[in-house]
Amino acid sequence: MAETLLEAGDDTVLPFAVEALDARGRVVRLGPAVDAILHRHDYPPSVSRLLGEAVALAALLATSMKFDGRFILQTQSDGPVHMLVVDYEAPDRIRACARFDREAVTASVAAGRDRPEHLLGTGHLAMTVDQGPHMSRYQGVVPLDGRSLEDAAHQYFTQSEQIPTRVRLAVSEVLTREPGQELKRLWRAGGILVQFLPEAPERMRQTDLHPGDAPEGIEAHVLDEDDAWAEAHSLVDTVEDDELTDPRLAASELLYRLFHERGVRVYDPQGLREQCRCSRETVAGMIASFSPEERRDMVENGRVGVTCEFCSTHYDFDPAEFADQAD
């Protein structure tokens with residue numbers, strides 16, 4: 001039984017600990033924030049689901065770090081969805097966008113290849129921590145070779161952090177209707193991350209990743225899992241997608257369902273909000289950084305127009321505003 005069960009609603013991350021299993025983790029529930037991100041663009045549903053997963057994963061990872069700055073999760077690949085970008089700025093601002101080939105996405109979905117690994121294809125997933133110009137940037141990179149975002153996150157923690165980790169992500173649409181209004185579809189996303197963090201480091205040892213080119217007959221390196229970690233991740237593996245996104249199921253209730261026999265402690269939830277970092281001033285500064293020749297090439301119908309890829313806000317400028325800018 002939990003000592004305290006704080007209610008954590010939409011657009012929050014709820015940290016938790018299962019001390020009997022030496023496990024810690026976080027649950028994210030995204031409602032209005034992810035709905036605003038996905039409805040702002042004319043994404044096909046399969047792309048919206050994939051980007052929603054990326055937003056949930058970034059929220060789980062970024063809020064576990066104690067830093068001032070930005071956390072950027074980005075994929076680059078050869079699949080129908082070329083790029084996903086999620087930009088988190090401490091302490092709570094998040095934005096995201098996707099680049100994709102609409103015809104290739106339509107064809108892939110029509111062929112039944114609509115899972116994340118099909119849409120992403122081959123490439124890489126990069127996670128960057130940027131704490132400003134006076135601090136070194138940290139970046140972790142893992143391959144995307146037929147992997148989902150969940151699988152890529154597991155490989156990252158295995159090879160880079162060497163922490164036994166399980167991640168579950170889910171995205172769904174729900175139907176809702178306010179009195180006197182039309183039926184609306186709203187996007188929701190959720191996720192849970194659990195890690196095994198015992199006091200004795202040797203208990204965290206994991207089976208080596210398969211090298212892919214070992215000679216035939218070489219036995220794979222296998223270690224028996226710690227019983228506590230086996231129980232913890234087995235419980236998380238039972239989580240259904242609708243449990244992660246159901247607006248009627250509180251994150252604390254989900255944790256109680258999973259770990260009530262062992263006891264689960266929850267901590268203060270952390271809020272998230274969808275907000276872009278762009279502004280007229282920052283866009284003007286970006287335009288001013290180009291050479292006069294490059295700025296002349298930007299002029300269409302006598303104006304310079306820039307649309308933010310994240311929030312779709314359009315900024316319109318008179319080229320004369322930059323006439324006296326030096327090269």
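The values are calculated or read from the model by the stated rules, or taken from the named source; none is laboratory data. Remember, it's a predicted structure, so these values are computed and weren't measured experimentally. For neighbour counting, all protein chains shown are included, and Cβ atoms are generated from backbone atoms with ideal geometry for every residue, glycine included.
Residue by residue, here is whether (1) touching a strand residue (DSSP E or B) at 6+ places or on another chain (Cβ under 7 Å); (2) part of a loop (DSSP other than H, G, I, E, B); (3) over 30 Å from Glu19 (Cβ atoms); (4) at pLDDT below 95 holds:
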residue	(1), (2), (3), (4)
Arg277	yes, yes, yes, yes
Ile287	yes, no, yes, yes
Glu321	no, no, yes, yes
Asp327	no, yes, yes, yes
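Condition first: out of contact with any Ser or Thr (no Cβ under 9 Å at 6 or more places or on another chain), free of Cβ contacts under 8 Å to residues at least 12 places away in the same chain and of a type in the set (A, V, I, L, M). Can you find one or more residues in the range 87-102 that meet it?
So far as the range 87-102 goes, no, none of its residues is out of contact with any Ser or Thr (no Cβ under 9 Å at 6 or more places or on another chain), free of Cβ contacts under 8 Å to residues at least 12 places away in the same chain and of a type in the set (A, V, I, L, M).
For the range 80-91, how many residues are in a loop (DSSP other than H, G, I, E, B) and modelled with pLDDT of 95 or more?
Selection size over the range 80-91: 1.
Ala152: of a type in the set (A, V, I, L, M, F, W, C) and exposed (fewer than 13 other Cβ atoms within 10 Å of the Cβ), yes or no?
Answer is no for this residue.
Of everything in the range 297-318, what is surrounded by 12 or more Cβ atoms within 10 Å (Cβ to Cβ) and either at pLDDT below 90 or in a strand (DSSP E or B) (or both)? Give them in sequence order.
Scanning the range 297-318 gives Val299, Val304, Gly305, Val306, Thr307, Tyr315, Phe317.
Just to be sure I understand the filter: pairs with C-beta atoms under 8 Å, separated by 6 or more residues or on different chains, first member in the range 252-277 and under 26 Å from Ala90 (Cα atoms), second member in a helix (DSSP H, G or I) and not small (Gly, Ala, Ser). Which pairs pass?
If the second residue must be in a helix (DSSP H, G or I) and not small (Gly, Ala, Ser), the pairs left are Arg265/Glu19; Val266/Leu255; Glu274/Pro32; Glu274/Val34; Glu274/Ile37.
Which residue pairs have Cβ atoms under 6 Å apart, sit 6 or more places apart or on different chains, and have a first residue in the range 167-181 that is within 24 Å of Glu243 (Cβ to Cβ) and in the same structural domain as Gly25 (by TED's automatic domain parsing) and a second that is at pLDDT 75 or above and of a type in the set (Gly, Ala, Ser)?
From the range 167-181, the pairs are Val167/Ala153; Leu169/Ala56; Leu169/Gly191; Ala170/Gly190; Val171/Gly52; Val171/Ala189.
Just wondering, is there one or more residues in the range 100-114 that are under 21 Å from Ile192 (Cβ atoms) and touching a helix residue (DSSP H, G or I) at 6+ places or on another chain (Cβ under 7 Å)?
No.
Suppose we keep only residues that are under 14 Å from Ser252 (Cβ atoms), modelled with pLDDT of 85 or more and surrounded by 20 or more Cβ atoms within 10 Å (Cβ to Cβ) within the range 1-16. Which one would you say is farthest from the chain's Cα centre (by Cα)?
Phe16
Yes/no per residue for (1) modelled with pLDDT of 95 or more; (2) in the same structural domain as Gly69 (by TED's automatic domain parsing); (3) of a type in the set (Val, Ile, Thr); (4) surrounded by fewer than 20 Cβ atoms within 10 Å (Cβ to Cβ):
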{"residue": "Ile94", "(1), (2), (3), (4)": "yes, yes, yes, no"}
{"residue": "Ala98", "(1), (2), (3), (4)": "yes, yes, no, no"}
{"residue": "Asp101", "(1), (2), (3), (4)": "yes, yes, no, yes"}
{"residue": "Ala104", "(1), (2), (3), (4)": "yes, yes, no, yes"}
{"residue": "Leu120", "(1), (2), (3), (4)": "yes, yes, no, no"}
{"residue": "His124", "(1), (2), (3), (4)": "yes, yes, no, yes"}
{"residue": "Gly132", "(1), (2), (3), (4)": "no, yes, no, yes"}
